[in-house]
Amino acid sequence: MAESSPELSFPINLKHEHRLIFTRDVFAPENHTLSDTLTPRETGERVRALVFWDAGLEKPFPGFGTRISDWFTAHHDQLELAAPPVTLAGGEQVKNDFSQLEHVWKTIEAAGLCRHSYILAIGGGAVLDLVGFAASTAHRGIPLVRLPTTSLSQGDGGVGVKNGVNFFGKKNWLGCFDVPHAIINDLALLHGLPVSEKRVGLIEAVKVALIRDAEFFEFIAARVEPLAAFEPEPFEAVIRESARQHMEHIATAGDPFERGSARPLDFGHWAAHKLEQLSEFRVSHGEAVAVGMAIDLIYARKVGLLPAAESDRILAVIQALGFELFAPIKEIHGNSGRQDMLDGLEEFREHLGGRLSIPMIRRPGDRLEIHEIDGTLVREAVVELEARFG
């Protein structure tokens, strides 16, 4: 018998594979991308799946729910649809309603899913967050396949490892990290989206380019007009590269579950999250990120990190892509809105744990972390934003 010890320690090493698959018309009967992804966990098992999809897809893509059901019927020899596809209201508000989370859990339980089943989440970032959190907590984790349907979710949020819902009036206060079984980006969906939903993915592409890859930023800057017009070739190229950059950072930067204080992928996000909250989520995430980045770019110039010419050039690119750089702030009602935005700094630190760590840039592709923010200069940046773009 081993000698007794006051402490026992055993390493647990887990290998995760973070997979993104590109396709077109994923629910065309002849498309096998999804059936090749929903594989049995054990030999001889029949795969059961449950689908949750964003009801907002029905308007740009009439009959979308029927197409899902018809696809499963065409592949019934391999897959069983555990219940008819379930619609969920899209948009950030679905993450504010705890009954929606309970609804997903109840549907999973009623369908008799187990940990050898699959859950498909189809929609924008809010639906992916909500369903992903429910899947990760039901039976301690049912494999999830994400099918992001907006430019924002295909290029950023949908290709990550985070799930969550809003609670206590705070964004993603409840949530978890969980690597999905797979992510499938159906590029054909991008071109049927409303203009506002096409555009928002571009701001996260600009963000990841600024903090990681100057060459990618120059690619975007050189194609502002065709990107603003959503010409298919450059638009798809930017969304694909944005997804790759985000996934590469998550998988290789050494902190996929954000145990440290730094969150470099959140450039411009401390103000964006607070702006969403103060507007009661009338301001979309993409609109808020554009404003948050503008505030940080002006702030970086004011503290001498970013040359004025570079700051102005980046702001011009963001504006030329179609983003309003002050209008979303007008969604905040009450005289204290601008001061309240500074509360986002402490909430950002609290959400991270550890010390405040805000990503800034010296130039495209040259990122650094700062640990203190001058509130007076932030207010000055907001005033300047209004004077220039209000």
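Model label sites at Ala316 and Arg19, defined 7 Å from Cα along the beta-carbon direction, differ in position by 4.6 nm. Just for segment 101-229, what percent of DSSP beta bridges are antiparallel, to the closest 5? Around 40 percent antiparallel, to the nearest 5. Once backbone amide H atoms are built at 1.01 Å from N, Val86 has Val51, Phe52, Trp53 as its partners under 5 Å, excluding neighbours fewer than 5 places away on the same chain. Cβ-to-Cβ counts within 10 Å put Lys162, Lys106 in ascending order as Lys106, Lys162, the fewest first.
Using every pair of separate Cα atoms, the Kirkwood estimate puts the hydrodynamic radius of the chain at 21.9 angstrom. What the Cβ-Cβ distance of Glu218 and Glu248 gives, at R0 = 25 Å and to the nearest 0.05, is a FRET efficiency of 0.85.
Cα-based values for segment 20-192, radius of gyration first and Dmax second, are 14.8, 46 Å. Comparing Ala74, Ala221, Ala253 in a Gaussian network model of the chain, where Cα atoms under 10 Å apart are tied by springs, the biggest mean-square fluctuation is seen for Ala253. Each of the peptides 168-180, 6-18 was scored by the mean count of other Cβ atoms within 10 Å over its residues; in descending order, highest first, they stand as 168-180, 6-18. Fewest neighbouring Cβ atoms within 10 Å first, the residues Asp77, Asp129 line up as Asp77, Asp129. Dipole check for the chain: with +1 at the C-beta of Lys and Arg, -1 at the C-beta of Asp and Glu, and the Cα centre as origin, the magnitude is about 140 Debye. Pairs from the table (Lys171/Lys274; Lys15/Lys162; Lys59/Lys95; Lys171/Lys198) lying more than 19 angstrom apart at Cα are Lys59/Lys95; Lys171/Lys198. Between Val159, Val47, Val200, the residue with the greatest mean-square fluctuation in the GNM of the chain (Cα pairs under 10 Å linked by springs) is Val47. Assuming R0 = 25 Å, can you tell me the calculated FRET efficiency for the pair Phe257 and Ala83, based on Cβ-Cβ distance, to the nearest 0.05? For Phe257 and Ala83, the calculated efficiency is 0.20. Derived scalar couplings between HN and Hα for segment 181-194 equal 4, 6, 10, 10, 9, 8, 5, 4, 5, 4, 7, x, 6, x Hz in order, rounded to whole Hz, by the Karplus curve 6.51 cos²θ - 1.76 cosθ + 1.60 (θ = phi - 60°), x for Gly and Pro.
Highest average first, the peptides 288-299, 307-318, 132-143 ordered by how many other beta carbon atoms sit within 10 Å of their residues are 288-299, 132-143, 307-318. With neighbours defined as other Cβ atoms within 10 Å of a residue's Cβ, the residues Asp266, Asp70, Asp156 order from fewest to most as Asp70, Asp266, Asp156.
Taken over segment 1-108, the ratio of Cα radius of gyration to 2.2 N^0.38 Å equals 1.55.
The antiparallel fraction among DSSP beta bridges confined to the chain stands at about 30%. State the Kirkwood hydrodynamic radius of segment 232-292 in Å, one decimal place, computed from all pairs of distinct Cα atoms. Roughly 13.3 Å, rounded to one decimal. Measuring r between the beta carbons of Lys330 and Glu58 and using R0 = 30 Å, the FRET efficiency lands at 0.45. Which residue, chosen from Thr23, Phe168, Leu315, occupies the Cα position most advanced towards the positive end of the dipole of the chain, where the dipole is computed from +1 (Lys, Arg) and -1 (Asp, Glu) charges on Cβ about the Cα centre? About the Cα centre, the residue reaching furthest to the positive side is Phe168. Among beta bridges identified by DSSP and lying wholly in segment 20-192, the antiparallel ones come to about 20 percent.
For the chain, the 222 nm mean residue ellipticity estimated from helices alone, with every DSSP H stretch of n ≥ 4 adding -39500 (n - 2.57) and the total spread over all residues, rounds to -13500 deg cm²/dmol.
Shown here are the Rg and Dmax of the Cα trace of segment 18-66, at 13.4, 40 Å.
Computed from backbone phi, the HN-Hα couplings of segment 40-49 come to x, 6, 10, 4, x, 6, 9, 7, 10, 9 Hz, rounded to whole numbers (Karplus: 6.51 cos²θ - 1.76 cosθ + 1.60, θ = phi - 60°; Gly and Pro given as x).
Peptides 56-69, 357-370 ranked from most to least packed by the mean count of surrounding Cβ atoms within 10 Å: 357-370, 56-69.
Quick note: the coordinates plus some simple rules give every number you see, no bench work behind them. It should be emphasised that the depicted structure is a prediction, and the values quoted were computed from it without experimental measurement. A quick note on method: Cβ atoms are made from the backbone with ideal geometry, for glycine too, and the neighbour counts reach across all protein chains shown.
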